[in-house]
Amino acid sequence: MDRMEQNRLRSKVAYFGMYLALALIFSYLETLIPFQIGIPGVKLGLANLMTVIALYRMGTREAGLLSASRILLSGFLFGNLFSILYSMAGGMVSLAAMALLKKQGGFSVTGVSIAGGVAHNLGQLCVAMLVVETFSVGYYVPVLLISGLAAGGVIGIAADGVLRRVAKIRG
């Protein structure tokens, strides 16, 4: 491995570490912010901001590793086994949807993030159906679609702003 390749790898590892640290900080902040709107399980998903940014700045594989690492670490630090299970299902379904739309092109960062927010909630709903062994929780779909759309939109707008500013800095 030549010197230039080593520097590129070091830079990638440094960015990954920074993204993971920020995602964990956002996960922690979300536990402190009383964002209760009367709907169980609905939250903004601040840490997903870093997943969207990593998807666009680093690639699908790195964004997946970031998401999985963040979910495991924040689950052990701030949650429990069930929170890890639900978050992992939602996170991986979300990432798959976002990666597919990004690859197809024609979707804005916000559009990709909205799809990720909706897919995240649907992935968690599927796990809930398996855990409680009934499809009756399906009545919750409209609420999850709307909340995923709203949260994904907010995260997407924020990610788009960050990505635009970073592009200006890097020239």
- Query: Considering region 98-121 alone, what residues qualify as being at pLDDT below 95 and touching a Leu at 6+ places or on another chain (Cβ under 7 Å)?
  - Reply: N121
- Query: When you scan region 121-171, how many residues do you find that are basic (K, R) and either within 13 Å of V109 (Cβ to Cβ) or not in a helix (DSSP H, G or I) (or both)?
  - Reply: 2
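Is one or more of the residues making up region 45-67 in a helix (DSSP H, G or I) and in contact with an Asp or Glu (Cβ under 7 Å, 6 or more places away or on another chain)?
Within region 45-67, one or more residues are in a helix (DSSP H, G or I) and in contact with an Asp or Glu (Cβ under 7 Å, 6 or more places away or on another chain).
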- Item | Where a residue in region 13-33 is free of Cβ contacts under 8 Å to residues at least 40 places away in the same chain and buried (at least 17 other Cβ atoms within 10 Å of the Cβ) and its partner, wherever it lies, is of a type in the set (G, A, S) and outside any helix (DSSP H, G or I), with Cβ under 7 Å and at least six apart | F26/A47
- Residues in region 133-164 that are modelled with pLDDT under 85, of a type outside the set (A, V, I, L, M, F, W, C) and in contact with a helix residue (DSSP H, G or I) (Cβ under 6 Å, 6 or more places away or on another chain): how many? 0
- Query: Can you tell me which residues in region 6-32 are of a type in the set (A, V, I, L, M), modelled with pLDDT under 95 and within 18 Å of the chain's Cα centre (by Cα)?
  - Reply: L29
- Query: Just to be sure, is S87 within 10 Å of the chain's Cα centre (by Cα), of a type in the set (S, T, Y) and modelled with pLDDT under 95?
  - Reply: yes
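The values are calculated or read from the model by the stated rules, or taken from the named source; none is laboratory data. It should be emphasised that the depicted structure is a prediction, and the values quoted were computed from it without experimental measurement. Here Cβ is always computed from backbone atoms with ideal geometry, including for glycine, and neighbour counts include all displayed protein chains.
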